[in-house]
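Visitor: Before I ask anything, let me first share the structure, which is written out below as structure tokens.
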Amino acid sequence: MTSNIKTGAIVTHKAKNVLFAIGGQPSIPKCLPSSHPRVIHSSQYAHLVPQMLNQRDAPYRVAVVGAGQSAAEIFSNIQNLYPNSKTTLIMRSEFLKPSDDSPFVNSIFNPSYVDELYQRSSELRHSLLGDARATNYGVVRLELIEHLYERMYDQQRELGKDSKKWPHRILGSTAIAGVETEGDRVRLIVRPISGASDCQEGVYEKSDMDEIFDCDLVVAATGYQRQAHLTMMEDIADLLPQNPEIDSAAGSEPNKYDSRIRGRPVNVGRDYGIQFAPGKVSPGSGVWLQGCCEGTHGLSDTLLSILAVRSQEIVNSVFGGHEKDATNHIPSEIVMKALASGFTLENREIAEF
Ligand SMILES: Cc1cc2nc3c(=O)[nH]c(=O)nc-3n(C[C@H](O)[C@H](O)[C@H](O)COP(=O)(O)OP(=O)(O)OC[C@H]3O[C@@H](n4cnc5c(N)ncnc54)[C@H](O)[C@@H]3O)c2cc1C
């Protein structure tokens with residue numbers, strides 16, 4: 001069922017096969033207002049900031065929340081765009097840490113790694129994903145870290161050790177303790193992390209450790225969630241297996257790491273197809289997931305690295321191309337080789353490559 005976002009008109013479409021390829025949804029910490037003219041998500045940065053901050057020489061005060069590549073890039077970019085700005089990077093982690101692109105760990109982006117990971121138990125997969133997180137999450141390219149370090153060092157040399165006097169500050173191990181808004185004004189109250197988590201919306205107890213930042217712009221560079229397909233499928237929860245009926249190709253019992261809809265496990269096959277309860281869905285029909293199977297298929301699932309191979313596997317699964325002799329089957333190696341040479345899947349010549 002789709003709804004026209006302008007008119008609100010609802011249209012029902014019938015299809016034998018459905019693919020959810022809806023990407024990530026911006027994730028904003030609960031303590032920040034989700035709808036405020038001066039609070040944006042990093043995904044909006046490039047198109048909104050030129051309108052919101054339209055005077056190059058103005059002394060804009062900008063807070064960036066996060067510790068990953070997007071946060072660090074935005075923190076640096078604001079300083080370049082607005083030479084008189086004051087910027088603050090607010091991070092829960094103590095340090096900016098480099099992304100890991102060393103060769104052993106990088107093998108998780110090989111198409112073959114999906115098979116290796118998929119067959120493990122949920123617990124082991126979760127642990128392996130945790131081991132490899134520094135390839136993609138909460139990490140920054142080393143060159144940018146070094147650039148920011150030099151900028152901090154220059155400020156210390158020129159303005160002294162008291163970082164409160166610096167225009168650009170990185171606050172590590174810092175939580176947002178409170179947020180105050182009035183009209184389009186926004187004030188962040190931050191404090192060193194002392195075991196407590198960020199404030200929940202509207203809850204704030206003062207502390208001597210608090211520092212206050214009045215902001216012209218707050219950018220939440222706090223990542224994405226990939227759960228929207230679960231909400232969209234709520235109405236078909238009854239087609240999913242009850243716990244005892246589970247017939248997972250991964251051979252794993254459901255546990256706390258598995259996605260669920262109304263308590264029923266959403267098991268995804270190696271072919272990215274959702275495993276419905278036996279007999280509930282006609283043969284030749286189904287629902288496939290593109291880009292939201294990180295927990296079962298690995299960190300490459302949300303990235304471009306094996307997008308072509310993944311797409312091919314889904315197409316083969318939908319149209320039966322997984323049979324070795326099917327005419328529409330294009331072996332993964334050929335797709336990878338063709339892409340490396342600049343071909344796209346739309347190019348008909350790919351089959352003859
Ligand atoms: C800042 C950033 C940097 C990145 N850098 C890299 C990188 O260096 N290397 C790499 O491999 N990958 C990178 N990625 C990941 C890369 O962007 C994704 O792998 C890629 O965009 C995934 O494509 P997709 O089509 O699955 O999802 P998306 O590109 O997110 O597309 C999803 C589409 O679905 C639409 N949609 C969502 N919900 C609905 C709905 N309810 N109804 C209709 N349409 C809907 C969205 O509007 C969007 O157009 C980066 C991502 C970000 C955010």
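Where a number appears in this text, it was derived from the coordinates with a stated rule and is not lab data. All of these numbers come straight from a predicted model, not from anything done at the bench. Note: ideal-geometry Cβ built from the backbone for every residue, glycine included; neighbour counts use all protein chains shown.
Visitor: Roughly speaking, what is the stretch gain from Arg56 to Asn4, that is 0.36 nm per residue apart minus the C-alpha to C-alpha distance, in nm to one decimal?
Guide: Values: separation 52, 0.36 × 52 = 18.72 nm, distance 3.81 nm.
In short, 14.9 nm is gained.
Visitor: So, one more: May I ask you to list the lysines whose Cα is less than 30 Å away from that of Lys6, ignoring any residue fewer than eight positions away on the same chain?
Guide: Output for Lys6: Lys14, Lys16, Lys30.
Visitor: Rounded to the nearest 5, what is the percent of antiparallel bridges among the DSSP beta bridges in segment 1-141?
Guide: Details: 3 of 9 bridges.
Restricted to segment 1-141, the bridges split so that about 35 percent are antiparallel.
Visitor: What distance in nm separates the simple spin-label points at Tyr137 and Ser163, each placed 7 Å from Cα in the Cβ direction?
Guide: 2.5 nm
Visitor: Taking 0.36 nm per intervening residue step and subtracting the Cα-Cα distance, what contour gain separates Arg185 from Ser102 on full extension? Working shown, then result.
Guide: Working: separation 83, 0.36 × 83 = 29.88 nm, distance 4.42 nm.
So the chain would gain 25.5 nm between Arg185 and Ser102.
Visitor: Want the number for Leu128 to Asn80: 0.36 nm per residue separation, take away the alpha-carbon distance, what's left? Walk me through the numbers on the way to the answer.
Guide: Values: separation 48, 0.36 × 48 = 17.28 nm, distance 3.82 nm.
This chain segment gains 13.5 nm when fully extended.
Visitor: Using the beta-carbon distance between Lys256 and Lys14 and R0 = 25 Å, what value does 1/(1 + (r/R0)^6) give for FRET efficiency, to the nearest 0.05?
Guide: Details: r = 36 Å, r/R0 = 1.43.
E(calc), rounded to 0.05, equals 0.10.
Visitor: May I pose another question? Reachable lysines from Lys165, Cα under 29 Å, same-chain residues fewer than 8 places away excluded?
Guide: In chain and number order, the partners are Lys86, Lys97, Lys206.
Visitor: Return Met91, Met1, Met233, Met52 ranked ascending by Cβ neighbour count within 10 Å, so the fewest neighbours appear first. Mind dumping the intermediate values first?
Guide: Details: Met91 24, Met1 8, Met233 19, Met52 15.
Placing the least packed residue first, the sequence is Met1, Met52, Met233, Met91.
Visitor: Here is a further query. Give me the one-decimal nm value for the distance between modelled label points at Tyr149 and Ser27, 7 Å along each residue's Cα-to-Cβ direction.
Guide: So the label points at Tyr149 and Ser27 sit 2.8 nm apart.
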